[in-house]
Amino acid sequence: MSHDELTTRILEKITPKPKERAKVEAVSKELDEGITATVRVEGSVAKDTWLSENPDIDIFIRLPTSIDRQFLDEIGLRIAKKAAGSAEQLERYAEHPYLEVFVEGYRVDIVPCYDSKPGEWQSATDRTPYHTDYIKGHLDRKLLGEVRLLKRFMQGIGVYGAEIKVGGFSGYLCELLILKYGSFAETVAAFAGYSKRIVVDIEGFYDDRERDLCLLFPEPLVIVDPVDKGRNVAAPVQLQKLYEFIAAARAYQKAPSEEFFYPPPIHAEPPNIIESHIKNKGTAHLYLTIGELTAVPDVLWGQLYRTKRSLRKLLETYSFCVLRDTVWSNEKSLSVFVFELEQLVLPNVKRHLGPQLERASDCEKFLSKYVESKEVISGPYIEDARWVVEVPRKYTDASTLFREKLADGGKSAGVAEIVQKAIQTEYSVLVDEQVLKLYTENSDFAVFLTEFLSGKPLWLKAKRS
């Protein structure tokens, strides 16, 4: 199937039908009319770039800048809850709290912000109405479908969404990319040709100011916000998500397929297949499971990722080679950190490198410490113009290292505060096949672990099959 035939087919799926539009507009209007403050529908619905499967209804309550920042949350949520009435409600948190409401099967975010003037932002969400106005004023109707294609493609390969859990591309970022490149195909081509850095400055704020641009935005992907020249819209995009998009763009150019947009569902492998994979691969898998975490998603995932980084550093500090790591959570009662190691158990002895011979005074200090030390197993001896000793390793087993360092909740190991509390209540360290009981009891985790152990992107599977 050609690219044009494929995108026409995908557009038919993702472009909202008249009945869908009418329903979304009715839901938006119903909540809008229940609010007595200055209110606007924002986001993809307002810009007509939403996908039929995901309306993303965002209602912004714009409050006077005279309200003190500490009261914005309280006042905004009070107004939002009144508007939502008896609808199902959940408080969420980004930079500040907002209300997630479920009405007639749709999710609606009611977000308080300041009615700020451009450049006088008091909260991150103050820019959103200006983003909406900018896109509506610059995005031709013929490009709406191109934005939808880019969003659906990014969803399909798992890089769409600026929330901390995903760390991917926002809807606004997708719209700006289409404004820059003019089509989905050209955007894919631009990223497929990525070498070291992509910079998009639609308004030309930094024309002839390349040095200033590099100093202000050193990131490999820079999309200057047309309504705020001091902001990189792509700043929340994790490097891993950028690289995944680049690789998928290259694969798509070679062999366009509907499975980039709609990947096949992942099915958990039977436990005996997982057991065989773990036994035969020759590496070691270390798992840390913890119980309930009480936090809104953005805070929760921020703490989980921070903890994962700290635990990886802990393992590497004690010479365990981490091949891959990840974390899974149902955001309620269970979270699991996964570390794939070259080996679980290290030799009892490690080499400790001393100073180069040219540093005479440092050599004397090194020798005075180790020449008579009872801890030294071998040495000091000279190798490659430096002193070396062989000493006992403090930790030879990664699971023992975890259990000892997590005895206090992991505070000394850099574990994030909310995760510390969960560890102090309940945790377990599992090795290799010990995870199979959890695998059989939790179907969502089983799907996750199946994908992790495969290690291959779904779009690459689709391309090679």
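Brief remarks follow.
Residue-by-condition table, conditions (1) outside the structural domain of T125 (by TED's automatic domain parsing); (2) at negative phi; (3) part of a helix (DSSP H, G or I); (4) of a type outside the set (K, R):
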position: R231; (1), (2), (3), (4): yes, yes, no, no
position: A234; (1), (2), (3), (4): yes, yes, no, yes
position: V237; (1), (2), (3), (4): yes, yes, no, yes
position: K241; (1), (2), (3), (4): yes, yes, yes, no
position: I246; (1), (2), (3), (4): yes, yes, yes, yes
position: Q253; (1), (2), (3), (4): yes, yes, yes, yes
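- The listed residues are L334, L314, L304, and the only one of them that is assigned by TED's automatic domain parsing to the domain that holds V415, in contact with a Leu (Cβ under 9 Å, 6 or more places away or on another chain), hydrophobic (A, V, I, L, M, F, W, C) and under 16 Å from A398 (Cβ atoms) turns out to be L314.
- Enumeration of residues in the range 397-439 that are within 29 Å of N272 (Cα to Cα) and polar (S, T, N, Q): S399, T400, S428, Q434
- Residue check, Y172 outside any loop (DSSP other than H, G, I, E, B), aromatic (F, W, Y), modelled with pLDDT of 95 or more and surrounded by fewer than 19 Cβ atoms within 10 Å (Cβ to Cβ): no
- Restricting K332, K350 to those that are within 45 Å of the chain's Cα centre (by Cα), within 30 Å of A446 (Cα to Cα), at pLDDT below 95 and basic (K, R) reduces the list to K332.
- Checking each residue in the range 190-212 for being buried (at least 17 other Cβ atoms within 10 Å of the Cβ) and free of Cβ contacts under 8 Å to residues at least 60 places away in the same chain picks out F191, Y194, I198, V199, V200, D201, Y206.
- Qualifying position, being in the same structural domain as R78 (by TED's automatic domain parsing) and not hydrophobic (A, V, I, L, M, F, W, C), among Y172, Y106: Y106
- Residues of the range 323-336 that turn out to be in a strand (DSSP E or B) and either of a type in the set (S, T, N, Q) or in contact with a helix residue (DSSP H, G or I) (Cβ under 6 Å, 6 or more places away or on another chain) (or both), as a count: 6
- Residue pairs whose Cβ atoms lie under 8 Å apart, separated by 6 or more positions or on different chains, with the first residue in the range 1-17 and over 17 Å from W50 (Cα atoms) and the second at pLDDT 85 or above and part of a loop (DSSP other than H, G, I, E, B), are M1/P256; M1/S257; S2/P256; H3/P256; L6/P256; L6/S257.
- Those strands (runs of 3 or more DSSP E) of the range 32-134 in which at least 1 residues are at pLDDT 80 or above and either of a type in the set (S, T, Y) or under 27 Å from L11 (Cβ atoms) (or both), considering only elements entirely within it, cover 38-42, 57-63, 106-114.
The values are calculated or read from the model by the stated rules, or taken from the named source; none is laboratory data. Note that the structure is a prediction, hence the values are computed from the model and not measured. Ideal geometry is used to build each Cβ from the backbone, glycine not excepted, and the neighbour counts take in all protein chains shown.
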